[in-house]
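Below you'll find the structure, written out as structure tokens, and then a few comments.
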Amino acid sequence: MYDLIIIGSGPAGLAAGIYALRARINCLIIEKEAMSGGQVINTYEVDNYPGMPGINGFDLSIKFREHAEKLGAQFIMEPVKSLEIDGDIKKVITQKDTFETKTILIATGAQWKKLGAKGEDKLQGMGVSYCATCDGAFFRNKVTAVIGGGDVAVEDAIFLARGCKKVYLIHRRDELRATKILQEALYKLDNVEIIWDSVVEEIYGEEKVEGIVVRNRLNNETSNLEIDGVFVAVGTIPNSKLIDGKVEQDSHGYVIAGENCKTKEPGIFAAGDIRSKELRQIITATSDGANAIYSIEKYLYNL
């Protein structure tokens with residue numbers, strides 16, 4: 001029997017584990033991947049986490065994990081199959097075991113959203129990627145395209161420009177949504193070309209990406225771009241399958257929980273990118289982890 005089971009080991013889950021252990025809450029962290037950190041692992045450079053300018057996501061994830069382990073965090077690596085959340089004692093059912101707990105913190109995060117273009121699935125892993133920092137090194141001195149207009153898309157374009165001969169940034173609108181400081185850095189790069197008001201209709205190639213079909217949304221004209229790689233950065237979708245129908249969610253599938261991370265279900269809390277909120281960043285995920293434990297502590301001890 002645990003006081004708390006944390007499902008997910010990204011920044012929110014690890015921060016929650018750290019705070020829980022410091023509060024002497026008996027907890028278990030369940031993760032489905034071999035490496036803790038969530039999406040942060042694949043971030044080339046984290047320049048907005050206080051006190052650690054320029055650290056890469058892999059190293060930051062290691063630091064989070066080591067901090068939790070130093071305090072005695074207990075981890076298991078198993079996919080969670082289902083939850084039973086009625087009553088005072090909850091059950092977390094994995095492939096091998098059933099764990100009982102008084103509270104559950106959902107920190108399952110989100111995943112990259114697909115573009116939906118023809119050929120995308122066929123060529124995934126053969127030139128189609130959702131992580132520039134993971135796969136960008138394979139395209140050194142080649143031509144690539146980044147799809148999107150937010151922070152991640154612009155960061156990916158900047159990163160790829162360091163090694164690629166040419167980078168196209170294709171955005172469906174006439175202005176970027178990325179922060180101004182990222183835009184300023186992007187506009188300084190001579191080997192980046194922005195294609196405005198356009199969408200990718202098709203990604204083609206036989207054994208690898210050879211090009212894309214781009215459609216201008218204003219005049220519907222299409223054109224072909226010969227490229228070697230496509231990096232999709234059009235947002236995320238919540239990893240919410242586990243709690244579908246069990247916990248209240250918004251229209252996009254994110255868990256509805258306030259800044260205190262409490263859901264409407266007694267003993268069920270949500271933190272990090274899985275939670276419905278305005279800003280999804282590492283710092284907001286770790287803040288959620290802290291807030292969640294404060295709420296869980298009050299719940300456990302009727303404070």
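The values are calculated or read from the model by the stated rules, or taken from the named source; none is laboratory data. Please read all numbers here as calculations on a predicted model, not as lab measurements. Here Cβ is always computed from backbone atoms with ideal geometry, including for glycine, and neighbour counts include all displayed protein chains.
For the structure I just gave you, tell me whether Asn216 is assigned by TED's automatic domain parsing to the domain that holds Gly163 and not acidic (Asp, Glu). Taking the combined requirement at face value, the residue satisfies it.
Here Arg173 passes the criteria (1) outside any loop (DSSP other than H, G, I, E, B); (2) out of contact with any strand residue (DSSP E or B) (no Cβ under 7 Å at 6 or more places or on another chain); (3) among the charged types (D, E, K, R); (4) modelled with pLDDT of 95 or more except the one numbered (1). Among the candidates Leu169, Leu160, the residue that is out of contact with any Asp or Glu (no Cβ under 9 Å at 6 or more places or on another chain) and either closer than 18 Å to Ser198 by Cβ or crowded, with 18+ Cβ neighbours inside 10 Å (or both) is uniquely Leu160.
Quick one: which of Glu207, Glu155 is in contact (Cβ under 8 Å) with a residue 40 or more places away in the chain and surrounded by 15 or more Cβ atoms within 10 Å (Cβ to Cβ)? It would help to see each step written out before you state the result.
Numbers: Glu207 fails: surrounded by 15 or more Cβ atoms within 10 Å (Cβ to Cβ).
After ruling out the rest, the residue left standing is Glu155.
Let's see how each residue does on (1) out of contact with any Asp or Glu (no Cβ under 8 Å at 6 or more places or on another chain); (2) assigned by TED's automatic domain parsing to the domain that holds Tyr130; (3) within 17 Å of Ala271 (Cβ to Cβ):
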{"residue": "Val46", "(1), (2), (3)": "yes, no, no"}
{"residue": "Pro50", "(1), (2), (3)": "yes, no, no"}
{"residue": "Ser61", "(1), (2), (3)": "yes, no, yes"}
{"residue": "Glu66", "(1), (2), (3)": "yes, no, no"}
{"residue": "Ile76", "(1), (2), (3)": "no, no, no"}
{"residue": "Pro79", "(1), (2), (3)": "yes, no, no"}
{"residue": "Thr94", "(1), (2), (3)": "no, no, no"}
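What about Ile104, is it of a type outside the set (Lys, Arg), over 24 Å from the mean Cα position of the chain (by Cα), at pLDDT 95 or above and outside the structural domain of Tyr204 (by TED's automatic domain parsing)? Working first, answer last.
Values: of a type outside the set (Lys, Arg): yes; over 24 Å from the mean Cα position of the chain (by Cα): no; at pLDDT 95 or above: yes; outside the structural domain of Tyr204 (by TED's automatic domain parsing): yes.
So Ile104 fails the test.
Please verify whether Lys102 is surrounded by fewer than 16 Cβ atoms within 10 Å (Cβ to Cβ), more than 19 Å from Leu14 (Cβ to Cβ) and among the basic types (Lys, Arg), treating the condition exactly as stated. No: the conditions fail for Lys102. Of all residues being of a type in the set (D, E, K, R) and in a helix (DSSP H, G or I) in region 114-168, which is modelled with the lowest pLDDT? Just the residue, please. Among those residues, the one meeting the criterion is Asp135.
I'd like the full set of residues that are in a strand (DSSP E or B) and either modelled with pLDDT under 95 or within 23 Å of Ala23 (Cβ to Cβ) (or both), limited to region 239-296. Outline the logic, then answer.
Initial filter on region 239-296 (in a strand (DSSP E or B)): 249, 255, 262, 268-270, 275.
If the condition is that a residue be in a strand (DSSP E or B) and either modelled with pLDDT under 95 or within 23 Å of Ala23 (Cβ to Cβ) (or both), then Val255, Lys262, Ile268, Phe269, Ala270, Arg275 are the ones that fit.
In this structure, Thr108 does satisfy being in contact (Cβ under 8 Å) with a residue 12 or more places away in the chain, in a loop (DSSP other than H, G, I, E, B) and among the β-branched types (Val, Ile, Thr). The listed residues are Asn191, Asn219, Asn224, and the only one of them that is surrounded by fewer than 22 Cβ atoms within 10 Å (Cβ to Cβ) and free of Cβ contacts under 8 Å to residues at least 12 places away in the same chain turns out to be Asn219. Looking at Gly8, Gly13, Gly37, Gly17, which is the one that is over 25 Å from Asp151 (Cα atoms) and either buried (at least 20 other Cβ atoms within 10 Å of the Cβ) or touching a Gly at 6+ places or on another chain (Cβ under 8 Å) (or both)? After ruling out the rest, the residue left standing is Gly17. Within region 248-303, the set of residues being within 11 Å of Ile106 (Cβ to Cβ), out of contact with any strand residue (DSSP E or B) (no Cβ under 7 Å at 6 or more places or on another chain) and charged (D, E, K, R) comprises just one member, Glu265.
Looking only at residues in region 94-105 that are in a strand (DSSP E or B) and touching a residue at least 12 places away in the same chain (Cβ under 8 Å), the one that is nearest to Gly289 (Cα to Cα) is Leu105.
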